[in-house]
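One structure below.
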Amino acid sequence: MPSSEHSVRYHKRQTDCAISHAYSRLASDAPAVAKFQELLHCVRSRAARLLEAPVVNGHHPGVEALVNLSRFRSAHIRPAAEWPGTILSWRPAVSSLAHYLVCKYEIPAFLASAWYSSDDPSADKKRRWFADHGRGSSFRSLNPPIMMTRKMEHIFLASSDHLAIEPAMRRAELLGLGASDELVHAVLSTRLSADLSDGTFWRAVWHFLIANADGIPAEQVGPMIGFIQTIRHDRIAAETPEGIVELDPPQPTFSIKGRTAHSMLRLMREWHVSLGVGIGGLSWTPSPLQPMLLEEPGQDADAPARQWQMMELTNSAQLRMEGAALHHCVASYADRCRQGLSRIWTLRFRNGEKVQHVLTIEIDPKRRAVVQARGRANRAASGKPLRLLQLWAARERLRLTI
């Protein structure tokens, strides 16, 4: 059987499983089951490509959208039977169906991602934003997690279709404050792209970074955000004889007020050094991603082959060693790895007995995306290391967002 035919059959089985699971999830709500059945019939006859959505971590976003639209049936203003359908791919198909069912006015297509998001505690709130904005409410009036000016709202609503809602909101906030494209890209490469909490505090940080753009290199923006997030907001997990305990953030009242670019860079460097002797011996199970080993000939015929190795780091001691070798803050990610929020990989170059740490890579397992790749002193990935990362990411079906 050709591999393409095998792939099609495998996806059909995954889709059938997702549909069966959807019926089970809705079983206690008979009207929702009826609505799901109606929407599924409409899609199969008028927008079959909606069911071609890729299955990621067991979630079929096309089927998820039908489940969520069924649950929100009270927000429907038009009958599904009169939806004309579409021949477009799955994302535009979800957008078309959701707009037809829920919206009185046209709204940006990227907001339709609210319908197929999964494992998101704020997903229902975003679906209500979609419905209320589609009925004429300004987005600023819907109590978004960050305070929006009219300019920010305008930028947000003009976001590209491929952007998720949180990154689009963060981007609009930064551009509305006057941030450069370079600074926006640096911030969107951090976890604050999706985490919009503590808005008032981070607004002060954005003002600081914009005002000090000449004194803080772009490659240091991400590490600085990680430093601030860790010392002010992140609880720390430590292993003790009684088991793993949660400790309060080191400096929960940390403020950016009165700081200078020089003092912040100095504090960050000192913190990086301190990570090398941090407490705890945390470990976590490896991810399903596979390591990579590539060999290239030695410099002469008798020399051993040189190797490029991509491998996962699975305990806090490895993270501390990696951070010490490359002079960055990856050691602070131990608890995120333990919780399954991040996965850390390393690219190393072996020449005989000499091993060189080249890149540290952060994977967001929920998004199946490479969200950071840093070399020595937080330099961005480039050249052959970047090409090898791209090769590995393509093999493992990971998106590159760096």
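Any read-out appearing in this document is the output of simple, stated calculations on the displayed coordinates, not a laboratory observation. This is a predicted model, so every value here is computed, not measured. Using ideal geometry, Cβ is built from the backbone for each residue, glycine included, and neighbour counts are taken over all protein chains shown.
So here's what we get for this one:
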{"item": "Highest-MSF residue in the chain out of 52, 82, 166 [GNM, Cα springs under 10 Å]", "result": "82"}
{"item": "Nearest 10 degrees, 0 to 90: helix 383-395 Cα axis against the chain principal axis", "result": "40"}
{"item": "Greater than 29 Å apart at Cα, pairs in 104/125; 126/384; 35/126; 104/151; 12/35; 151/384", "result": "126/384; 151/384"}
{"item": "Exposure proxy ranking, count of Cβ atoms within 10 Å, fewest first, for 210, 155", "result": "210, 155"}
{"item": "In range of the label at residue 200: residues from the stretch 157-182 whose backbone nitrogen is under 19 Å from the point 7 Å along Cα→Cβ", "result": "none"}
{"item": "Sequence of 260, 314 once ranked by neighbouring C-beta atoms within 10 Å, starting from the fewest", "result": "260, 314"}
{"item": "The chain: calculated mean residue ellipticity at 222 nm from DSSP helix runs of at least 4, using -39500 (n - 2.57)", "result": "-14000 deg cm²/dmol"}
{"item": "Ascending count of other beta-carbon atoms within 10 Å, so fewest first, for 387, 135", "result": "387, 135"}
{"item": "Highest-MSF residue in the chain out of 84, 223, 61 [GNM, Cα springs under 10 Å]", "result": "84"}
{"item": "Considering only the chain, percent of DSSP beta bridges that pair antiparallel, nearest 5", "result": "95"}
{"item": "Karplus-derived HN-Hα couplings along the stretch 319-328 (A = 6.51, B = -1.76, C = 1.60, θ = phi - 60°), whole Hz, x at Gly and Pro", "result": "5, 5, 5, 5, x, 5, 5, 10, 6, 9"}
{"item": "Principal-axis tilt of helix 221-232 within the chain, Cα atoms, nearest 10 degrees", "result": "90"}
{"item": "Potential lengthening between residue 306 and residue 13 on full extension [0.36 nm per residue; Cα-Cα distance subtracted]", "result": "101.2 nm"}
{"item": "Farthest positive-ward along the chain dipole, Cα basis, beta-carbon charges - from 79, 210, 30", "result": "79"}
{"item": "Anchor residue 257: aspartates and glutamates whose Cα lies under 19 Å away (excluding residues fewer than 8 positions away in-chain)", "result": "198, 214"}
{"item": "Distance between the stretch 367-402 and the stretch 73-125 - C-alpha centres, whole angstrom", "result": "33"}
{"item": "Within-14-Å neighbourhood charge of residue 49 [Cβ basis; K, R +1; D, E -1]", "result": "+3"}
{"item": "16 Å reach of a label modelled at residue 294, 7 Å along Cα-to-Cβ, counting backbone N of the stretch 314-351", "result": "346-351"}
{"item": "Potential lengthening between residue 48 and residue 399 on full extension [0.36 nm per residue; Cα-Cα distance subtracted]", "result": "123.8 nm"}
{"item": "Spin-label model distance (nm) - residue 246 vs residue 273, 7 Å beyond Cα toward Cβ", "result": "3.3"}
